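Remarks on the structure that follows.
Throughout, read-outs are computed from the coordinates displayed, never taken from laboratory work. Predicted model only: the values in this text are computed from it and were never measured. Note that each Cβ is placed from the backbone with ideal geometry, even for glycine, and that neighbours are counted across all protein chains shown.
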Amino acid sequence: MQNETNEAGGDARLRGDLLTIATRVSHDLRTPLGGILTATEVLREILAEKGLPVTFAKSISDSMDDLTHLIKQISFITRATAEPLPKRPVRMNDVVAFALQRVESRKLKKNATIEDPGSWPQVNGVAKWLEEIWWNLLANALQHTTDNTHIELGWREEARHYRFEIRDNGGGVPEIMQKCLFRPFHTLYKPEGGKGFGLSIVQRLTELQEGDCGYEPMPGGSCFFFALPV
């Protein structure tokens with residue numbers, strides 16, 4: 001009995017620590033970043049007035065945007081882990097529609113096409129987590145494929161779960177990279193690459209809903225998927 005009490009207390013303390021981290025990361029880090037961003041905008045205006053290139057200032061601003069987004073992602077997944085939400089019936093049609101709206105500007109920039117089957121099942125899950133899963137998978141496909149790529153969304157019902165897929169014709173992932181796709185920050189060493197955190201968010205949010213996810217190579221492209229219990 002004492003061991004169970006200690007374990008319960010340890011779990012509660014861990015959840016409290018995670019919530020504290022989520023709050024501190026979101027607030028305490030984003031506040032100074034705002035100051036740097038303001039200073040960068042002032043620098044950009046000064047350079048423009050003097051007729052000097054603003055490339056350096058723009059580079060700082062772009063990096064700040066990336067860092068702000070990364071902080072938001074870390075805070076989101078930490079809070080989700082600390083405070084798991086109950087699963088409820090969710091219309092996947094609505095979730096996918098919201099995710100597609102969020103990537104619309106990226107899709108236009110890459111001149112990509114996204115094929116949506118139009119009809120989706122109802123699942124048991126957390127709506128905002130499912131939207132985040134779709135958004136990360138779509139953003140990943142758009143970022144790591146060439147212009148004019150074709151992305152196809154789909155699903156099917158299997159024995160004990162629904163399987164949801166996002167397929168593209170962007171050339172696929174090199175075999176040497178496939179084992180670390182869902183490892184956090186695995187592409188930080190690439191100056192022009194992503195931060196390697198989106199797919200780890202997909203994995204964690206899927207696990208929190210008692211599902212799983214993965215990657216499968218396909219001729220000329222890639223297939224990322226996640227599955228949820230029926």
Please list the non-local residues whose amide H lies under 5 Å from the amide H of GLY125, H modeled 1.01 Å from N, same-chain partners needing a gap of 5 or more. ARG88, VAL90
Considering just Cα atoms, how many Å³ per residue does the convex hull of region 88-229 enclose? 106 Å³
Quick one: what are the phi-derived ³J(HN,Hα) couplings along region 166-172, Karplus 6.51/-1.76/1.60 with θ = phi - 60°, whole Hz, x for glycine and proline? 9, 10, 9, 10, x, x, x
So who's got an amide H within less than 5 Å of the one on ILE114, skipping anything under 5 residues away but keeping other chains? H placed 1.01 Å off N, in plane. ILE151
Note, region 77-92: 3J(HN,Hα) by Karplus (6.51, -1.76, 1.60, θ = phi - 60°), whole Hz, Gly/Pro = x, goes 6, 5, 5, 4, 5, 6, 10, x, 8, x, 7, 9, x, 10, 7, 5
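Sort MET177, MET92 by Cβ crowding within 10 Å, fewest neighbours at the top. Walk me through the numbers on the way to the answer.
On the way: MET177 12, MET92 20.
With the sparsest Cβ surroundings first, the list reads MET177, MET92.
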Given a cut-off of 28 Å, name the pairs among LYS87/LYS110; LYS87/LYS109; LYS72/LYS109; LYS50/LYS107 whose C-alpha atoms lie farther apart than that in the structure shown. LYS87/LYS110; LYS87/LYS109; LYS50/LYS107
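For a footprinting-style exposure proxy, rank LYS179, LYS110, LYS72 by other Cβ within 10 Å, fewest first. It would help to have the intermediate numbers written out before the result.
Details: LYS179 10, LYS110 19, LYS72 13.
Placing the least packed residue first, the sequence is LYS179, LYS72, LYS110.
Going by C-beta contacts inside 10 Å, put SER63, SER119 in order with the fewest on the left.
The most exposed by this proxy come first: SER119, SER63.
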Distance in nm between label sites at ARG106 and GLU158, each 7 Å beyond Cα in the beta-carbon direction? 2.5 nm
